[in-house]
Amino acid sequence: MVAAKQEKAYERIKNFRTELNDYREQFNRLKQENDERQQVQTRAELLGRRPHHAATPENPYASVNPSANSPWAPRPGSGGGPSALGAAPSEYTREMHAFREQSFMSQTNAQLDEFLERGRAVLGDLGDQREMLKGTQRKLYSVANTLGISGDTIRMVERRAKQDKWIFWAGVVIFFTFCYLVLKFLR
């Protein structure tokens, strides 16, 4: 009876594994179809943004008619459409273009302010880390002096660390130069 149960369990495991493989294959196929569909849609939208027969480049502030489910499409009710100022959808006035340009500039300004604030925060954190490392270095020097390591030995270690740093940076420069030359001559 135990052998029959064991055989039945092995058969169930085998069935589960084949079902799992089938489901994985089906999932991968559906995922690939979805990716291809999105890629075709995105490509069509990107190629449709700027017609090739136009003599002048498209105004980046002018609205294009993107598909409704596009990630670049404006969200409904955002108030940025032409009907917000009472104009017909096909006619844009100077005021509408100026309004769109002004809103674009204000968004860009806000993003730049955010980037600058992040940079200030990172710089402040780096300064704090520098002070912390200096304090740690002072403590290590005092511990080394307590253990009887002479100042000459400490200076020799510092000099060796500086030499190692120069060797490292020289290696980095040589490596990138080599990569550049390989890419230049193999293209």
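Laboratory data are not the source of any read-out in this text; all were calculated from the coordinates shown. Since this is a predicted model, take the numbers as computed values, not measurements. So basically every Cβ, Gly included, is an ideal-geometry build from the backbone, and we count neighbours across all protein chains shown.
Things to note:
- Between Thr42 and Asp164, the simple label model (points 7 Å from Cα in the Cβ direction) yields a spacing of 4.5 nm.
- Stretching the chain fully between Val157 and Arg12 yields a gain of 45.6 nm (0.36 nm per residue, less the alpha carbon separation).
- Convex hull volume per residue for the range 101-147, taking Cα atoms only, in Å³: 28 Å³
- Listed by chain and number, the lysines whose alpha-carbon sits under 21 Å from that of Lys5, ignoring those within fewer than 8 places in the same chain, are Lys14.
- Of Ala9, Phe27, Leu46, farthest towards positive along the dipole that unit charges on Lys, Arg, Asp, Glu beta carbons give the range 1-50: Leu46
- The range 115-125 - phi-based ³J(HN,Hα) in whole Hz, Karplus 6.51/-1.76/1.60, Gly and Pro as x: 4, 5, 5, 4, x, 4, 5, 5, 4, x, 5
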